[in-house]
Amino acid sequence: MNAFYIKKGEKLEKPDYGTIIYDTLFEPFTSEISKAVEEDVIEIVGQDPRWQLDTLQIDQAEYGLNIQLEINYIPYNISENLTLGFNQEEGLSVTSNPVNTDATTTATSTAAY
């Protein structure tokens, strides 16, 4: 999750850490932008071998992007739906809903860029 809060190139001594999504929020949502964001999300999730990305959906929102992920925590076979809302004005908001349990947790946080 930390990589989704940081612009790529922003972290000292780790220029490849972070996401390109903040740089795309003010660009027209083209198929090239969609593909670049998709590849970026796949790369970020793939950095942690404990997580497996099952599904990914990217939708344009009024002032940003909504990214829906279904990820699986491999050691315990726990699936979770994450919605990452990237907004030009409000930053990132995260909603998390476990798939394999009856409980639902929601966490929201904001980082302005």
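Between 0 and 90 degrees, the angle of helix 31-46 with respect to the longest Cα principal axis of the chain falls at about 50 degrees. For the chain, which whole-number percentage of the solvent-accessible area (1.4 Å probe, protein heavy atoms only) is attributable to carbon and sulfur atoms? Looking at the chain in its full context, I get 48 percent from C and S.
Backbone amide hydrogens, once placed in the peptide plane, bring THR19 within less than 5 Å of ILE6, LYS7, LYS8, excluding anything fewer than 5 places away on its chain. For the range 18-101, the set of chymotrypsin sites (Phe, Trp or Tyr not before Pro) satisfying both a DSSP loop assignment and a count of at most 14 other C-beta atoms within 10 Å is given as PHE26, TYR63, TYR76. What residues of the range 77-98 lie in the reach of a label at THR55, counting those whose backbone N is under 20 Å from a point 7 Å from the Cα along Cα→Cβ? Correct set: 77-86, 94-98. Measuring nothing but how far apart in sequence close Cα pairs (under 8 Å, 6+ apart) lie, relative to its length, the chain scores a relative contact order of 16 percent. Rounded to the nearest 500, the 222 nm mean residue ellipticity of the chain from helices alone is -5000 deg cm²/dmol, with -39,500 (n - 2.57) taken per DSSP H run of at least 4 residues. When you filter the trypsin sites (Lys or Arg not before Pro) in the range 1-68 for DSSP loop state and at most 10 other Cβ atoms inside 10 Å of their Cβ, you are left with ARG50.
Note on the chain: along the principal axes its Cα atoms extend 38, 33, 26 Å, ordered by decreasing extent. The percentage of C-alpha pairs in the range 29-86 whose separation is greater than 13 Å is 61%.
The values are calculated or read from the model by the stated rules, or taken from the named source; none is laboratory data. These figures come from a predicted structure and were not determined experimentally. All Cβ positions, glycine included, derive from the backbone under ideal geometry; neighbour counts span all protein chains shown. Note: areas computed on protein heavy atoms with side chains; ligands, DNA, RNA excluded. Shrake-Rupley method; radii C 1.70, N 1.55, O 1.52, S 1.80 Å.
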